[in-house]
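*Asks:* Supplied in structure tokens, the structure appears directly below.
The values are calculated or read from the model by the stated rules, or taken from the named source; none is laboratory data. Here the structure is a predicted model, which is why all the values come from computation and not from measurement. A quick note on method: Cβ atoms are made from the backbone with ideal geometry, for glycine too, and the neighbour counts reach across all protein chains shown.
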Amino acid sequence: MAFPSREFGAQEYDSDEKIRGFAAGRNFPGSDGVGVLLALGKVKGDDAPEVWRFMREEAGGKDPTWNYDGKFLVDKSGSVSVPKGSVGKAISALMEESD
């Protein structure tokens, strides 16, 4: 899930249409349908989307301090964590875990 926000120096495009165009140009959410691009909004404080607030609270995370700073992983049992180090490696490790 991607949560575009202009809360970090207004670096994000200023409309959902421009954001969708940019994301599509980089193959997100992908031709396989994996990934969800949400509407432009907030990711800090109580105005963040409910799913973002849930993941932040479950992982004991904090509000992001900069663009791309806020990342959460959800494993197949629904546990939410904040990845440490390489996100790709953390995802691979979760995918390799046995039931």
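*Asks:* Kindly check whether there is at least one residue in segment 3-18 that is hydrophobic (A, V, I, L, M, F, W, C), within 15 Å of the chain's Cα centre (by Cα) and not in a loop (DSSP other than H, G, I, E, B).
*Replies:* no
*Asks:* Here's a check for you: in segment 21-80, which residue that is in a loop (DSSP other than H, G, I, E, B), buried (at least 16 other Cβ atoms within 10 Å of the Cβ) and of a type in the set (G, A, S) is modelled with the highest pLDDT?
*Replies:* Of everything passing the filter in segment 21-80, A48 is modelled with the highest pLDDT.
*Asks:* Which of the following residues is more than 13 Å from the chain's Cα centre (by Cα) and not aromatic (F, W, Y): A39, A59, A48?
*Replies:* A59
*Asks:* Can I ask one more? Inside segment 8-38, can you point out the residues that are closer than 24 Å to V74 by Cα and either touching a Cys at 6+ places or on another chain (Cβ under 9 Å) or acidic (D, E) (or both)?
*Replies:* D32
*Asks:* For the list (1) exposed (fewer than 14 other Cβ atoms within 10 Å of the Cβ); (2) closer than 15 Å to F3 by Cβ, I need the number of the one condition that E96 fails.
*Replies:* Against the list (1) exposed (fewer than 14 other Cβ atoms within 10 Å of the Cβ); (2) closer than 15 Å to F3 by Cβ, E96 comes up short only on (2).
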